[in-house]
Amino acid sequence: MDGCAQLCKCFLILFNILFALVGLGLVSLGIWLRFGAETRGFFDIDLNTSQFTIGVTVLIVTGALMLLVAVIGDCGACNHSKSALGVFSGLLAFLIIIEVSAGVMAFLMSGKVSEELVNFYTTIYAQYLNTRSPGQEVTLKLFHKTFDCCGIGGPIEVLVRNTCPEGSLMKQLTFPSCPSVIHDMFDSSAPMVLGVFLGTAGIMLVALVCSSFLFKSLKSPGYSTPSYY
């Protein structure tokens, strides 16, 4: 292999190591969201929470697929296997399409997602005022800690004060309402999320180009050009 092919090989090995770590992180996050004590309330509450179940499933499946792609890519680059590089390139192209599509959808549907999340929060909030369920309490605490907010605003907040983030009494009395914080966060972070998705897709595209270049640089096994006399 020439110098460019060697450079592509090194890039692919490094890329797939990082890709595998990200995939492992997604799988771990999905498992924690599904079975962790702090997040189990999402699944124990008697509500239509299929969107959360689908989201967690997508996380686990995506992470597992990234791990598989990384292993195949490293095998192809280290062993100079054209078949493995071909499978890697095909799977990587598929992931690039998914990455771009997911980024665009997340950007376009950020308002709808925030609205659904607000509706879910207000439902949990209202039910907790009546039932004081431990599962609902854990879910409220997760919302309040994640978004640094508490309640929906008004004097009734004193009834959920035990679920607010820790802080001084003055801070607990001046926490912003969660619905407004959720809306503002999604509105401000939508362009950044799109940039992250497109940037990741760009790095994957570079890996795809390197894989294709390395594929063309390798000679097919068991094949030699016939000699002419």
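The values are calculated or read from the model by the stated rules, or taken from the named source; none is laboratory data. Small disclaimer: the values here were computed from a predicted structure and weren't measured. All Cβ positions, even for glycine, are placed from backbone atoms using ideal geometry, and neighbour counts span all protein chains on display.
Looking at 182, 156, 124, just one residue is in contact with a helix residue (DSSP H, G or I) (Cβ under 6 Å, 6 or more places away or on another chain) and at pLDDT below 85, and that residue is 124. Scanning the range 43-56 turns up no residue that is hydroxyl-bearing (Ser, Thr, Tyr), modelled with pLDDT of 70 or more and over 30 Å from residue 134 (Cβ atoms).
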